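Each remark here refers to the structure printed beneath this line.
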Amino acid sequence: MSRYFGPIVQLGYVVHDLHAAMKHWVDLGVGPWFYDEDARIENFRFRGQPQPDLHLTAGIAYAGDLQLEIIQQLNDVPSAFKEFLDSGREGAQHVCYWPADFDGALTQARKLGYAVLQQGELGGPDGRFVYLDSEIHSGTVIELSDVHGRKGMGYQPARLLSQSWDGKSPSARPASSSGSSAISSGAPVRAAGTRADPEPYAA
């Protein structure tokens, strides 16, 4: 798929417990984690139907240039995340591409025969994303994400901090003055702590 959409830039995990999953990755030496306890998706549609009340908590971290994302759905709104968990699975659910031309990539995906599974906006209209109905093997749902706006800019602090993270230094990062964060907009983002912390995920 890389020849169509560019390199894979993110591995997405869907779990029942965000904090337990972040701790697992911290124990493996990946961090720091930035998380949003109240990630709201705008204009969300699942299998073509509007689902306005999707409520998530989500975290991101970097391993080199690869972004890891963990998602926990907090309600029962129909979504690809809920379907994944309801099937008895937990863990890797999607791979994500950040195409330079989002609309062109989506057109290409449709030409290849892929339908849109779910779609929405994160941080405004320039934070569009689509998940394609592409899962043949578990964990191979394809996400196309537009990162040209606030969403993409918000990812940069997490990437830069990961380069100097020593696995011991806890940190916290509030939302920026513009109201955007490393994950969404309007809610503070916190950096999860480390193995050296007695309470690693306390704000």
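Answer yes or no: is there a residue in the stretch 16-36 that is in a helix (DSSP H, G or I) and without any contact (Cβ under 8 Å) to a residue 12 or more places away in the chain. Steps first, answer last, please.
The first filter runs over the stretch 16-36 and keeps only residues in a helix (DSSP H, G or I), leaving 18-27.
When the remaining residues are screened for being without any contact (Cβ under 8 Å) to a residue 12 or more places away in the chain, the result is 20, 24.
Scanning the stretch 16-36 turns up at least one residue that is in a helix (DSSP H, G or I) and without any contact (Cβ under 8 Å) to a residue 12 or more places away in the chain.
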message: So for the stretch 48-61 (the condition being buried (at least 18 other Cβ atoms within 10 Å of the Cβ), over 20 Å from residue 149 (Cα atoms) and charged (D, E, K, R)), does at least one residue qualify?
response: no
query: Taking only pairs six or more apart or across chains, which ones have beta-carbon atoms under 8 Å, a first residue in the stretch 62-84 that is of a type in the set (D, E, K, R), and a second residue that is part of a loop (DSSP other than H, G, I, E, B) and modelled with pLDDT of 95 or more?
result: 82/76
- prompt: Which numbered condition trips up residue 32, out of (1) of a type outside the set (Phe, Trp, Tyr); (2) surrounded by fewer than 18 Cβ atoms within 10 Å (Cβ to Cβ); (3) at pLDDT below 95?
  reply: (2)
- prompt: If you scan the stretch 67-104, which residues turn out to be under 12 Å from the mean Cα position of the chain (by Cα), assigned to a strand (DSSP E or B) and not polar (S, T, N, Q)?
  reply: 68, 69, 70, 71, 92, 94, 95, 96, 97
query: Would you say residue 44 is of a type outside the set (A, V, I, L, M), crowded, with 19+ Cβ neighbours inside 10 Å, in a helix (DSSP H, G or I) and in contact (Cβ under 8 Å) with a residue 40 or more places away in the chain?
result: no
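Against the condition in a strand (DSSP E or B), closer than 22 Å to residue 142 by Cβ, free of Cβ contacts under 8 Å to residues at least 40 places away in the same chain and under 13 Å from the mean Cα position of the chain (by Cα), how does residue 56 come out, does it pass? Step through it out loud before you land on a result.
Numbers: in a strand (DSSP E or B): yes; closer than 22 Å to residue 142 by Cβ: yes; free of Cβ contacts under 8 Å to residues at least 40 places away in the same chain: yes; under 13 Å from the mean Cα position of the chain (by Cα): yes.
For residue 56, the condition - in a strand (DSSP E or B), closer than 22 Å to residue 142 by Cβ, free of Cβ contacts under 8 Å to residues at least 40 places away in the same chain and under 13 Å from the mean Cα position of the chain (by Cα) - is met.
The values are calculated or read from the model by the stated rules, or taken from the named source; none is laboratory data. Bear in mind the structure is a predicted one, so any value in this text is a computation, not a measurement. Glycine also receives a Cβ, built like all others from the backbone with ideal geometry; neighbour counts cover every protein chain displayed.
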